[in-house]
Amino acid sequence: MPLPHQCQLCLQALPARQPISLCRQCESDLPWLAPGCPRCGLASTAILPGAGQCAACTIDPPPFYHCRGLFDFAPPVDDMIRHFKDNEDFAAGKALARLLSEQFVRHHQEFRRPLPSALIPVPLSARRLADRGFNQAMMLTQAVSRYSAVPLLDAISRRTQSAIDQRGLGRTARQHNMQDAFEPAAARRLTVPEHVAIIDDVVTTGATASALARLLHRHGAHFVDVWCLARVEPPD
């Protein structure tokens, strides 16, 4: 386990002002995701001339407007995410959250895109939250909110118990599993700003993000972005 002021990967000493992070070389060597379709976020899809998005998104657009993942789900990021989620490796989580926060702000500045009005973490089911003890998406969202000054909207939605763990499921099973997977967190009327961003750790088929985006659209959102640590090529 790295000590404070050490790189999380190579254990190189870091400046005291940088207590939980990666050295410049390890950060550069991460599996940064190449630019792809701005709608679905997949790096493997070609953009249709004049459409600004891939063929799949043109034919059957997802309910979110923009998806951006930082990394391919490959070493060492895949292990860092697993250790963060499954082994409470909060140092790895904080290092990844810092990169997500920086890229989130940099992207909006470089492309002159307005920041969303609110950030929304993907909720865990009550059972999964009790088992894990924390919501990794919430921790990522808190970091992005602090860095960007975009407010975090918490406890506006909840995950229904009917949805099972997505890991190990194929594309069709994931989409079926996530139907009606989210509902408003309270009986009171849910009001969502026009432009919001969903934050999650990993996006694979986009079924989870789509299910949550549909709920947000029903309650006032017009533009829903998705930001994640890793965007994964969906399984067949």
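The values are calculated or read from the model by the stated rules, or taken from the named source; none is laboratory data. All values derive from a computational prediction rather than experimental measurement. Heads up, the Cβs are rebuilt from the backbone with ideal geometry, glycines too, and the neighbour counts pull from every protein chain shown. Note: accessible area is taken over every heavy atom of the protein model, side chains too, but ligands, DNA and RNA are not part of it. Shrake-Rupley method; radii C 1.70, N 1.55, O 1.52, S 1.80 Å.
What to note about this one:
- Springs join every pair of Cα atoms under 10 Å in this Gaussian network model of the chain, and among 110, 194, 27 the largest mean-square fluctuation is at 110.
- Angle between the chain longest axis and helix 136-148 axis [Cα atoms, degrees, rounded to 10]: 80 degrees
- Here the chain was treated as a single set of alpha-carbon atoms; its pair distances binned every 10 Å from 0 give 8, 32, 38, 19, 4, 0 percent.
- In this structure, residue 146 and residue 113 have a Cβ-Cβ separation that, at R0 = 22 Å, corresponds to a calculated FRET efficiency of about 0.65.
- Accessible surface of the chain, 1.4 Å probe, proportion on carbon and sulfur as whole %: 53 percent
- DSSP-defined antiparallel bridges as percent of all bridges, the chain, nearest 5: 25 percent
- Surface per residue (accessible, 1.4 Å probe) for segment 18-113, Å²: 51 Å²
- Residue 54 long-range amide H proximity, modeled H, under 5 Å: 39, 40, 48
- Projected label distance in nm at residue 32 and residue 155, using a 7 Å step from Cα toward the beta-carbon: 3.9 nm
- Here residue 194 and residue 56 are evaluated by their C-beta separation; at R0 = 30 Å the FRET efficiency comes out at 0.70.
- Normalised contact order of segment 46-107, rounded percent, pairs of Cα under 8 Å and 6 or more residues apart: 17 percent
- For residue 118, nonlocal amide neighbours, meaning residues 5 or more places apart or on other chains whose placed amide H falls under 5 Å from its own, are 197.
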